[in-house]
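Take a look at the structure set out below.
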Amino acid sequence: MPPRAQRAAQLGPVEDSAAWRNLKELSECELAAPLTPRVRRLLAAVIFSTQASNPEVQRAWSSAWAQPKLRIGLFVVLSTCTRRLVQLSLLPDADDDETYAALYPCFLGLGNVFRDVVRGVQGFQVAADAISEAIRLAVDSQLPAALARLAAAAAQAETRQAQRRVALLRAARSVRALRAADAGGASASSFLLVGGSCIELLTAFLVTAADISESGRDFSALERALEDSGALGAAARAVISLAAAGAEVDAAKLAAAAAVGAVGGSAAGGRAPAAAGGRGDAREDALAARNIAAKHVLRVCKCVHIMWELYARVTNPNAEAAAAAAAAAAGPAAVAAAAAAAARQAAKLQWLERVLSHPAVQHLLLQHLLAQVVAADGGSVYGPTLTPRLPALMVPLLYTTCHTLGYIDAAAGGGATRSTGAPGELAMLLLSDATNAALDMWALASLQDAAGTAAGAAEHDGGSGSSSGSGQGFAHQPGIAAFEPRPDWPPGAPWKQAYGAVVLGRAASGGRSGRLRRPPVPMAALEALRCGCLVAATKALVLAFSNRKLQAQQRQQQRQQQQGTAEAEAGVSGGAAPAHEADLQGDVRALRRPLARVAHACVDTAAATGADLGHSGMDGKGPNEEVYHEAVAAVGIVEHLMSPCGGPRIPPLPAGHNELLTLLPAPLPSQAAALSSGYLPALERLLRALHRTRGSERQRGHRLLGGFGLFASHVRSFVPTWAAAFAYGQPQEVASLVATCASVMRLLVLSVDVLRPPGTSVTLRTAATYTVAVQVHNDTPGEMAMRRGLLHGPNMLRGLLDWLADSTAGESAAALATAAGLAPGECWWQRQWSRRLALQPPAGGPGGSSAGGSDSCGSTAVGWGLPGPVLQALALSSFTLRRWLLSMSRAAQHLCTQAHGVALVAADFLPGDTLSKAMYAIPSDPGAALDDDCGHAGTHGRAAAGVARMTFQAAAPLMHAFALCEEHAAAARARAGNNSSGGAAAAAAGGAESGEAKAVAAEAAAAAAAWKQLLLECLPPCIMAAAQLVAVGPATHISRADLCWLVQALLQLLATWPEEASRRLGPLSMPTLPPVHVATALHAQVGMRLAASGRVEEVRVLKEALRVAQAVQERDGGLAPGEREALQAGCTATASWCEVGERAPLEPDWARRVGALLPPPGLAAELLGLGAGVGSALDGCSNEECVAMPGDSAAGAPARRCGGRCGGAVSYCCETCQAAHWKAAHKSACGKK
């Protein structure tokens, strides 16, 4: 059969149907003149002809739409209905007009079908060219403008009708009058239906115009028509009016029902009258008008969400770069085509920004956001009073696919109340799509009155994916640059990897067009946002922080303009930090508490659902599992906000008061607000949740999760982040966070090793030995370099040593110490013992007895003569050095052992496959050889030696602290002996004094024993592992400073405890030599590596000291006359190659000065108010292989003391660790003998 005949056979039955005949007759109607009976009949029949669910109707419409004459005729009818209804809706009594009553059903039917055709709804078989023709007809006839006018007219008419109904309801004084006033209230009015149809058509046009696809269809004319008519703004304005009218009617119905019930309750038999016809619950029926309006709000919000999603899909620099690279590879023609496509996309993006920036759209989004806030926390409208708020939009979801923490119950937002959660039962959840779209849009937008300022700030935001709180807007300002993070730090941060998770493009840039503006968002609403929607809460906080930061920048620029150039230049050279403190971040004090609440909510949700934030959805669990994806989506933004690189950080100490002895007596108001907000406990809990699982996807540096970015941003330095917390924070909170950071650092170590099973060759061919380092390097470039750099410094531990050493160096520090009550060479923590021995007057120096400082540190019995902040900072410094030394020594031992194995493979001393040897070989390119992101033998050796060096640096002051305790114990013992000598009378007189001296000697000896136990536990294994690495490692990557710190630690250890150290320092295994002592191996390295330094005398002294050390090791301890002095001389000779921080060469007495500041462990715990249980928990698990972090804080972690012969010297987090440590080491010390 020919094609024409086939088409005729197909259309024949359709053209015989009643629907087809009605459509054909309707297309020939003339609606401009007064309506005739025939036209009225056709208009009434069109309702049947537009039932889209009827297959016969769908076939009729598909056929009619394929014929140009019918298509144009039907479109003329729709356009004419629209324009006539605009005029009729403006009449005061439009709902009683016969023409209006005949036209509006026709408009509803034709509009619904036209909407489905434009959207391509399944069932309407319409060709693409016919759809394009329909859109062209709409543009040529200016249908979008007519629809916008009709939507406005319908909203006005509905408002007039609502006002009449409200007046009747308020006048009702009986049940009958109430029912009469509310007649038909449960059904939608014609104006509400007409306005809704206009909104549906306009949103269909907008979504079609916003579509960015490869179809090649040009919608530029439709874009211009929609923009000129203000289509989206008209829809938004209409739904705002309709929702306001519905809310007013609903409120009047409820008030009238309550009033009638109060007046006539007894006559009605004690039953309250129903508001609508006497059936059902009064409140349920009374919300009918508002619920109908809510559907129209939902349509506009959904349209905004779809348009923003399309915008976000295109605004992706990675995709743009990939497309440009592919085009360049394909040839010049492809490049030109790609450039043209990019230009079209840029024009589309600018159009989307202009449409979405309409004031009515922004007002609708603002009202929607406030409605979600109110529904989420059950409160009232925050901030300025607006038009009656929009209804809280809810969507039904199955209970089995979401978690109870996401539900909004009836009391909180009008949703369904959870009963049993049985399969198939529905729960009502907040519609968050439009809320998230609004927050994303406002984060990208600039302030209303600060286009230039915002654009300038955006230039400092670092570009790709950095959030509005990235903190780069002030890098050019005097006095602030030192506290600003680098734009590329940290490289593995999840908020940088998951592009667009926080903001699309550059924050506060105004978008592609620069026209996106933030509305005057009431910050009180955003800051009070609770956890009904975690993602919305986090994005709201991002926006609030960005607003405050940009406003602070504006204020500073205004002050600079007012002061003039001369004053600005003077501020550059001598401006004090307090003057700029508010300009660092703006007034963000009110943001920290909600930020802490949201962080806790993310962890709570993950714990309740069994989700592991270390995997964050990358562990294979799908949507049917018990995983609450809201928390997974929000945690990346929370990390961004809690990082000093992107959120409201703790303000640093002001200039002139940022050293230990210059601390202010009280914190600045901004510091006090930050430290009392619960920020530190929330940060600690989040860190433990993120890094709780060893081997998680986060530890492996998954490209969508990042790695240790949040941790690295906090521990990469000390002064800007930690100094204020040490001086003014709550001691137990700070100590617990310090302990958690030490545990995370230990876990970080395991991600930079090569995971080589002991006693086996290094290979990369099997999955069992595939390294985490290789995966991290491949997935997240820069992350591994950050981890290695963090290990060998700068980091928190080195920054603390630097801070303490700087605070006690120079004549100015000596003067400050005297002013603070410290005599030259005096140990403040020995004052209690000295007073008991009557070796000095009871009063302190000029500082006196600082009761405030004592109270702040948990000790009120003794006046230490130091200000409270200084006393607390010193106690926390002692605790930090002890806790981190444990973690860093284990890390150094582990890394040095691993790096030693890598060096052996690279040097062909151990068997390994070709791939392993090639990977571990040091590159010839100097840049690659120094790149810590690579995994060759040089980077492994450099990182391991750096961690060992830092361990030895931290141990040096503690060695002197031990010596000071020993000296005081010896003096007390001598005092006791002197008092006990002599006759009976002298003995009786000095009995009490002798007893006190013995008690002081015992306390001092116990303090010395605590330092000794720590140092003997940490140093010998670390020294052996580092010496083994230095002996075979790459000399170009293990510096002279690394070698000299190692030598100094060995000499100090042997000079202080020769017997114990010799027993713990076993022989070293050499590749081609028999086992040798540590001192022997280091003697050879000193001769090779330091001979060319030109310091002949220092090298000679070092060699002599190492020969003495070798002799001590050979006889297993015991010092001959003069050997201790030789060992100490060797320690002094290493100073010219050693440094702490930026000081080189090292001051000879730096370790003694710092050691004199550090209170013994027991006293530090007492000053910090750490009880026995808390102190055991903060010490961590004694199992060296344990990296677990149970509980929400280190202070609250389980700590089970050993009950054996050791007397509880060790503690464990679980029975598994106790059993492992018993087999590995503790059995020999605690078992039966």
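The values are calculated or read from the model by the stated rules, or taken from the named source; none is laboratory data. Worth saying up front: this structure is predicted, and the values here are computed from it rather than measured. All Cβ positions, glycine included, derive from the backbone under ideal geometry; neighbour counts span all protein chains shown. Ligands, DNA and RNA are stripped out before the accessible areas are found, and what is left, the full protein with its side chains, is counted by its heavy atoms. Shrake-Rupley method; radii C 1.70, N 1.55, O 1.52, S 1.80 Å.
For segment 696-736, carbon and sulfur atoms together expose 46% of the accessible surface, with a 1.4 angstrom probe and every protein chain in place.
Ligands, DNA and RNA left out, the accessible area of segment 632-692 computed with a 1.4 Å probe is 65% carbon and sulfur.
Sorting the segments 129-141, 551-563, 670-682 by their residues' average number of neighbouring beta-carbon atoms within 10 angstrom, most packed first, yields 670-682, 129-141, 551-563.
Solvent exposure of segment 70-116 amounts to 35 Å² per residue of accessible area, where only protein heavy atoms count and the probe is 1.4 Å.
Per-atom-type breakdown for segment 929-970 gives carbon and sulfur 58% of the accessible area (1.4 Å probe, protein chains only). Across segment 104-110, computed HN-Hα scalar couplings (Karplus, 6.51 cos²θ - 1.76 cosθ + 1.60, θ = phi - 60°) run 5, x, 5, 4, 4, x, 5 Hz from first to last residue, x flagging Gly and Pro.
Annotation: per residue accessible area for segment 1075-1228 equals 45 Å², rounded to a whole number [probe 1.4 Å, protein chains only]. Any of 302/348; 24/295; 302/539; 1012/1227 with alpha carbons more than 25 Å apart? Name them for me. Long pairs (Cα-Cα over 25 Å): 24/295. If R0 equals 60 Å, the separation of the Cβ atoms of residue 90 and residue 655 corresponds to a calculated FRET efficiency of about 0.35.
Sorting check: for 1074-1082, 635-643, 966-974, 1049-1057, which peptide has the highest mean count of neighbouring beta carbons within 10 Å, and how do the rest follow?
Per-residue mean Cβ counts within 10 Å order the peptides as 635-643, 1049-1057, 1074-1082, 966-974.
Once the C-beta distance of residue 30 and residue 128 is scaled by a Förster radius of 30 Å, the resulting FRET efficiency is 0.45 to the nearest 0.05. The listed peptides 76-85, 1109-1118, 347-356, ordered by packing as a protection proxy, come out as 76-85, 347-356, 1109-1118 (highest mean of other Cβ atoms within 10 Å first).
Can you grab the distance from the C-alpha centre of segment 679-734 to the C-alpha centre of segment 1014-1074, Å, no decimals? When both Cα centres are located, 31 Å separates them.
With the simple spin-label model, which puts each label point 7 Å out from Cα in the Cβ direction, the residue 171 to residue 333 separation comes to 7.8 nm.
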